Amino acid sequence: MTLQLLAAVPLVLVAVLCVGALLDCVRTPEERVRHVPKLLWLLFMFSAPIVGGLAWTYLGKRPETSEQSAQSAHITNMTKGPAHRTGPFVHSGSGGI
């Protein structure tokens with residue numbers, strides 16, 4: 001039983017690497033993809049999952065610039081909607097204690 005569990009750990013790690021790399025490749029904008037088009041990266045990851053996943057992780061996309069990360073953070077904050085405070089610390093406008 002323990003030997004089977006130990007044998008399953010590398011398989012789970014490989015599956016997480018492959019699925020994570022595939023999802024990352026699909027979600028990455030085309031202008032950040034390096035070396036070859038995104039479709040070829042996906043074909044490479046399907047044909048050689050371990051090597052393809054590692055290659056995508058380290059070679060496949062350009063690092064995100066600070067401008068791009070600030071823009072994506074702004075878009076994320078906009079999609080959450082306005083913040084509504086609830087609870088005992090809500091300012092009621094009565095002027096304090």
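See the values below:
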quantity: Accessible solvent surface per residue of region 1-56, calculated while the other protein chains remain in place, 1.4 angstrom probe, Å²; calculated: 71
quantity: Amide hydrogen neighbours beyond the local backbone of residue 33, cut-off 5 Å, H modeled; calculated: 62
quantity: Derived scalar couplings ³J(HN,Hα) [region 12-17; Karplus, 6.51 cos²θ - 1.76 cosθ + 1.60; whole Hz; x for Gly, Pro]; calculated: 5, 4, 5, 5, 5, 4
quantity: Gain on full stretching of the segment that runs from residue 65 to residue 4 - 0.36 nm per residue minus C-alpha separation; calculated: 17.6 nm
quantity: Sequence ranges 14-21, 52-59, ranked by mean other-Cβ count within 10 angstrom, highest first; calculated: 52-59, 14-21
quantity: Peptides 22-31, 41-50 ordered by average Cβ neighbours within 10 Å, highest first; calculated: 41-50, 22-31
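The values are calculated or read from the model by the stated rules, or taken from the named source; none is laboratory data. Here the structure is a predicted model, which is why all the values come from computation and not from measurement. Cβ coordinates were reconstructed from backbone atoms using ideal geometry, including for glycine residues, and neighbour counts include every protein chain displayed. Side chains are part of the model used for accessible areas, which takes the heavy atoms of the whole protein and leaves out ligands, DNA and RNA. Shrake-Rupley method; radii C 1.70, N 1.55, O 1.52, S 1.80 Å.
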